[in-house]
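Taken together, the values in this text are just the output of simple stated rules run on the coordinates, not laboratory data. Bear in mind the structure is a predicted one, so any value in this text is a computation, not a measurement. Positions of Cβ are backbone-derived with ideal geometry, glycine not excepted, and every protein chain shown enters the neighbour counts.
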Amino acid sequence: MRIMRGLLWKEWRQYGWTFGLAFIVISLEPVLVPISYWLYRVGNRDAWSYGIKAILAPGLSTTETTAMIVAVLLAALMLAGERGSGLNYLVSTPVSRRQIIAAKFISGSLALTVIMAAITLFLLVAGHLLPAQYSNQEVLPWALVTTAALLCLFSLALLMASLSRGVLSAALFTAIIMALPWMLTSQILYVMQQFYQVSATLELKARYIVTYLFIPDYISRDGRYIWDSNGNMVIDRITPDYPLETALLLLAALCFLGLAIKIFEKNPLERQGELLLFGNFKQIGLLFFSFLGAMAWAEDVGTSLLSFFGYFLVMWLGIYLAMVLVVWIVAWVLQNR
């Protein structure tokens, strides 16, 4: 416990100003803008609450999008941002890597929770004392599920930062992993519809499941819209189960934390020049981009599902080898200049 207290104190001293900046950025629209309305007496008596009503309404607002970006960048900064400086020294001390990750998770999660709690308290008190466009019954469910989603995103970004070299690469990989369920589901459904008649029921179930795998959908709550492959809205609102969804998000956050601990314990911090600290990132990147190119090409030339897979495998290998050859030629030219 003494070690954890020391680590938590270290995190607070090092990132206290960052937590304060995060509060200012997230609370700009729900707190600072209404206060400016009060100071300058702008508009009607309830004009100060128009922006807050937009935040609480179904669908993602600027504030919620900003909060998600802040949560991801905060985790990336607290772990990947220390690589090559204080983190390398810290792991050489009698402090376990598990304790390092735990301290960063606790301090970052606590900061996000306090920020959301302060904003929630402001909304509740202001809505109680002054005429407002929103009701206090709208505030608590929004605060509960948004806080849980931010903690889940923070934990996911901490996981990505445990295997990334820098802040930007950790944030980029977090965005890719976060969007992966939505992208894969859309791509698979599109391919299947090219060659088979996919029932509306099957498509609806697939897209409904994705709303529980795509973290931003939790924040948009009952504003989750489901569109089919033709761009037609199938469901314009999904009624949320707040206790269930909050529990799912917190469980996911703990799972991401466990993976982050396992990965960070094996993290080769001395490795330089790679965006990913495990494996060869150049090869992973070539495989990924050749995969996307082969899938798009095979969709155009395939006449059946079997021919699609045949073209896809051949094109994937061909595009990958071509890209490897180009990289090798460029590297050889640069080396012999």
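Lysine pairs, Cα distance under 26 Å, 8 or more residues apart or cross-chain: how many in the chain?
Working: K10/K104; K10/K262; K10/K266; K104/K262; K104/K266; K262/K282; K266/K282.
For the chain, the number of qualifying lysine pairs is 7.
Grab the alpha carbons of the chain, take their convex hull, and tell me the volume per residue in Å³.
Values: hull volume 63.5 nm³, N = 337.
Given the Cα convex hull of the chain, per-residue volume reads 188 Å³.
Give me the extension gain from L202 to V330: residue separation times 0.36 nm, minus the current Cα-Cα distance, reported in nm with one decimal. Spell out each step's value before the answer.
Values: separation 128, 0.36 × 128 = 46.08 nm, distance 4.68 nm.
Full-extension gain reported as 41.4 nm.
Could you give the length gained on full extension between L140 and Q99, defined as 0.36 nm per residue of separation minus the Cα-Cα distance, in nm? Spell out each step's value before the answer.
Values: separation 41, 0.36 × 41 = 14.76 nm, distance 3.27 nm.
Using 0.36 nm per residue and subtracting the Cα-Cα distance, I get 11.5 nm.
How big is the charge dipole of the chain about its Cα centre, in debye rounded to the nearest 20, if each Lys and Arg gets +1 on its Cβ and each Asp and Glu gets -1 on its Cβ?
Values: 22 positive and 18 negative charges, 242 e Å.
Charge dipole of the chain: 1160 debye, to the nearest 20.
Which of the helices in the chain, when you take each full DSSP H run, stretch at least 20 Å along the axis at their Cα atoms and have an average Kyte-Doolittle score of 0.5 or higher?
Details: long enough: 2-26 (33 Å, 0.32); 62-79 (26 Å, 1.82); 97-129 (48 Å, 1.47); 136-161 (37 Å, 1.53); 167-195 (42 Å, 1.45); 242-265 (34 Å, 1.66); 281-301 (30 Å, 1.03); 305-335 (44 Å, 2.14).
Both cut-offs are met by 62-79, 97-129, 136-161, 167-195, 242-265, 281-301, 305-335.
State the answer as a single residue: which of L153, P34, G258 lies farthest towards the positive end of the charge dipole of the chain, with beta carbon charges of +1 for Lys and Arg and -1 for Asp and Glu, about the Cα centre.
G258
Which three semi-axes in whole Å describe the equivalent ellipsoid of region 281-335, each the square root of 5 times a Cα gyration tensor eigenvalue, listed largest first? Please report the intermediate quantities before stating the final value.
On the way: eigenvalues 144, 19, 10 Å².
One finds semi-axes of 27, 10, 7 Å for region 281-335.
Ranked from highest to lowest mean number of other Cβ atoms within 10 Å per residue, what is the order of the peptides 240-252, 1-13? Before the final figure, lay out the partial values.
Details: 240-252: 15.8, 1-13: 13.2.
Order by mean packing, descending: 240-252, 1-13.
Could you quote the convex hull projected area for region 72-167, Cα atoms only and averaged over all directions, in nm²?
On the way: hull surface 28.3 nm².
Over every viewing direction, the Cα hull of region 72-167 projects on average to 7.1 nm².
Check Q133: other-chain or 5+ apart residues with amide H under 5 Å from its amide H, H built from backbone geometry?
S49
For labels at Y40 and W182 in the simple 7 Å Cα→Cβ model, what's the distance in nm?
Here the modelled spin labels are 3.4 nm apart.
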